[in-house]
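Everything on this sheet refers to the single structure shown next.
The values are calculated or read from the model by the stated rules, or taken from the named source; none is laboratory data. Since we're looking at a predicted model, the values are computed, not measured. Quick reminder, even Gly has a Cβ in these numbers, built from the backbone with ideal geometry, and neighbours come from all protein chains shown.
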Amino acid sequence: MTSDQCAERLMAMRDKLFRVSYGLLRNAADREDAVSETVRKALTQYTRLRDDTRFEAWAMRIMIHECYTLLRKKQRELPMADLPERATPQNGETELRESIHALPIELRLPVILHYMDGYALSEISAMLRVPEGTLKSRLSRAREKLRHALTEEEVS
């Protein structure tokens, strides 16, 4: 794989990288930082990739590590004020998005990768380095928590 091919493949999966970062990071600037750092690392380290068919999973794994790195840095920071980050969407997806963000990371990430990005369970299993059975149970728990949270909000 050449540098140009690597750059083309990264640009093709740019939206997926942003969706994954959106699932892990709340701040838009942090999401942009994570994506740009992922692209930088992938472009400088693509020669280490042994199998070109695993490029997307490899790049997604870099993205997940970058998001976790930013989350660790954020834990050490003290927020100046709790200002709203973005305007409320008008299309009624607010409850679902907030419910997904309320999930623990180990449940949230499989939901985003599977349902929003359309990855197969085997691909997600490789990205997250967990057995498929574990992944299936996490998805099941996440669906149950989302179902409970969304029906609870409707009753209120």
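Summary table below
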quantity: Within segment 17-34, considering residues that are of a type outside the set (A, V, I, L, M) and either buried (at least 20 other Cβ atoms within 10 Å of the Cβ) or not assigned by TED's automatic domain parsing to the domain that holds Arg50 (or both), the one nearest to Leu109 (Cα to Cα); calculated: Gly23
quantity: All positions within segment 15-25 that are charged (D, E, K, R) and either closer than 10 Å to Met60 by Cα or within 8 Å of the chain's Cα centre (by Cα) (or both); calculated: Lys16, Arg19
quantity: Met11, sole failed condition from (1) within 15 Å of Glu66 (Cα to Cα); (2) loosely packed, with under 15 Cβ neighbours inside 10 Å; (3) of a type in the set (A, V, I, L, M); calculated: (1)
quantity: Residue in segment 71-79 that is modelled with pLDDT of 85 or more, buried (at least 18 other Cβ atoms within 10 Å of the Cβ) and in contact with a helix residue (DSSP H, G or I) (Cβ under 8 Å, 6 or more places away or on another chain) present; calculated: no
